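See below for the structure under consideration.
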Amino acid sequence: MKTMQYLKDVVTLQLNRDKCTGCMMCITVCPHEVFQFKDKKAFIQNRDQCMECGACAKNCPEGAISVRSGVGCAAGILNGLLKGTEASCDCSGTGSDCC
Amino acid sequence: MNKKYIIGTVDTVVGTVNQISTLWSSSDLWSTIKVRWSTGRMNYSVKQGLYAIGTPNADSDIFVSANYKLSFDHLRRALHGMNAWVLVLDTKGINVWCAAGKKTFSTENIIKSIKNTSLEQIIKHRKIIVPQLGAPGVAAHEVKEKSGFSVIYGPVLACDIKPFIENGYKATPSMRKVNFTLKERAKLIPVDLMYGKYKLMIAIGVILILSGIDKTGFSFSRIIETGSFSVCSVLWAYIAGIVITPLMLPYTPFRAFALKGAIWGTVSTLVIKQFFNVSNLNFIALGFFSISIASFAAMNFTGSSTYTSLSGVKKEMKWSIPLQIAFAAIGIILFIISKLV
């Protein structure tokens, strides 16, 4: 199967390598193998694979990662626009839960 | 809701804990099918708290889950044959990944649940296994700091839990990666199909009413004569966007979902035309209208997909929504003209 890739050069993911201590939490929690371990520190290898879920930033003890996280969901963004709030989907069962 | 999954109780130092089955009953299976078809989704939850799998003791593993019953069902089935604890958080009946995004599957909620269930007294060790997809809502270092429990992130899929344990509580890169296989995409389609049903009915209603227009004004018999091509086109445009585009996702050119949908909307109209004898203008009008519908419907699958980002979807919507509105408007105008010439 071809890999599914979304739009290029749009994600807001930033890594400050100076702050990184190489704990590898970002590598552990990332569902899309965005990070790699290079020279004892994390490195953004596949930026365009990032879906801005925010798991890496949330779990970085050093606060070295920043990303504007949210749902990549058109219906959620429309909902937010209509209600004047942040994008939020009303999903309750989507996402892969098991094989 | 029936609670057939509770099969007994297990005694602990702080009282009894409900013991749950690792097998799915026929009613579990039936409600899973129903929930996949979008009925009864809103009350599909499990009571928060601690549950026992087998006969766990103070050294057994603790698995954290959401209180969406489908998440809970997959977890307990994956733990078949083991002695373990399951800590269910109150996520308002929403699955782990979405709840983590909404911050109900969260650091605070884990800390609160650890306290409420007196976990410290029941269990000797200080480790909890949290599904990796819960990570957007959980800061492992804060859980450790505030509760004393270390978070070990488990695999993405519950069915990888046993290999994960055998691997020394380490998820391999493949266990950590979210895929989006044909089977996974197919499972999500029924819900999406039901989601847009009212919008679809409005689109069909509009096109049916417009079908009644002719040079002399409006007649119901014209609807019956000419409405079938229109209704078929709209219905298939919807299916092209919601069923065909997701199934063919990796094989369809372009990265933007709106464009993928537009391609399948075009194909669908071209195919439908073969079965009807319609004027070119009528066909072009329905083409514009159908592309708009298929594109919009496909764009909605960004929410179900496992790889789209908020920034990406916003960028896509910025140019695609005006185009979708324009295509729908051109389609309707051409359609009316085709009825009058």
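The values are calculated or read from the model by the stated rules, or taken from the named source; none is laboratory data. Quick caveat, the model's predicted, so the values are computed rather than measured. Glycine gets a Cβ as well: all are built from the backbone with ideal geometry, and neighbour counts include every protein chain shown.
Observations
- The criterion of at least 3 residues that are away from chain A (no Cβ under 14 Å) and surrounded by 15 or more Cβ atoms within 10 Å (Cβ to Cβ) is met by the following helices (runs of 4 or more DSSP H) wholly inside the range B:1-117: B:107-116.
Conditions (1) without any contact (Cβ under 8 Å) to a residue 60 or more places away in the chain; (2) within 14 Å of another protein chain (Cβ to nearest Cβ); (3) among the acidic types (Asp, Glu); (4) surrounded by 21 or more Cβ atoms within 10 Å (Cβ to Cβ), marked per residue:
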| site | (1), (2), (3), (4) |
| --- | --- |
| B:Val156 | yes, yes, no, yes |
| B:Lys183 | yes, yes, no, no |
| B:Tyr195 | no, yes, no, no |
| B:Ile204 | yes, no, no, no |
| B:Ser230 | no, no, no, yes |
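- Candidates B:Thr104, B:Thr181, filtered to the one that is hydroxyl-bearing (Ser, Thr, Tyr), closer than 19 Å to B:Tyr68 by Cβ and at pLDDT below 95: B:Thr104
- Only residues that are more than 8 Å from chain B (Cβ to nearest Cβ), in contact with a helix residue (DSSP H, G or I) (Cβ under 6 Å, 6 or more places away or on another chain) and closer than 21 Å to B:Lys314 by Cβ were counted in the range A:24-55, giving 1.
- All of (1) within 9 Å of another protein chain (Cβ to nearest Cβ); (2) assigned to a helix (DSSP H, G or I); (3) without any contact (Cβ under 8 Å) to a residue 60 or more places away in the chain; (4) buried (at least 19 other Cβ atoms within 10 Å of the Cβ) hold for B:Leu188 with one exception: (3).
- Residues satisfying the stated conditions in the range B:162-174, i.e. in contact (Cβ under 8 Å) with a residue 24 or more places away in the chain and more than 10 Å from every other protein chain (Cβ to nearest Cβ): B:Lys162, B:Ile165, B:Tyr169
- When the range B:77-127 is filtered for residues that are more than 25 Å from B:Ser305 (Cα to Cα) and acidic (Asp, Glu), the ones remaining, listed by number, are B:Glu108, B:Glu120.
- Residue, nearest to A:Glu33 (Cα to Cα), within the range A:62-72, restricted to residues that are touching a residue at least 40 places away in the same chain (Cβ under 8 Å) and more than 9 Å from the chain's Cα centre (by Cα): A:Ile65
- Residue that is nearest to the chain's Cα centre (by Cα), among those in the range B:284-312 that are without any contact (Cβ under 8 Å) to a residue 24 or more places away in the chain and outside any loop (DSSP other than H, G, I, E, B): B:Leu310
- A:Phe37 passes every criterion in (1) in a loop (DSSP other than H, G, I, E, B); (2) over 14 Å from the mean Cα position of the chain (by Cα) apart from (1).
- Close pairs (6 angstrom Cβ cut-off, 6 or more residues apart or separate chains): among the small types (Gly, Ala, Ser) in the range A:20-41, surrounded by fewer than 13 Cβ atoms within 10 Å (Cβ to Cβ) anywhere: A:Gly22/A:Lys40
- Residue check for A:Cys73: touching a strand residue (DSSP E or B) at 6+ places or on another chain (Cβ under 9 Å) and at pLDDT 85 or above: no
- Of all residues in the range B:322-341 being without any contact (Cβ under 8 Å) to a residue 40 or more places away in the chain and closer than 15 Å to A:Leu78 by Cβ, the one that is surrounded by the most Cβ atoms within 10 Å (Cβ to Cβ): B:Ile325
- Verdict on B:Lys124 being touching a residue at least 24 places away in the same chain (Cβ under 8 Å), more than 10 Å from every other protein chain (Cβ to nearest Cβ) and not in a helix (DSSP H, G or I): yes
- Cβ-Cβ distances below 6 Å connect the following pairs, each with a first residue in the range B:71-97 that is within 13 Å of B:Gly49 (Cα to Cα), a second residue that is in a helix (DSSP H, G or I), and a separation of six or more residues or different chains: B:Leu87/B:Ser113; B:Leu89/B:Asn109; B:Leu89/B:Ser113; B:Thr91/B:Ala99.
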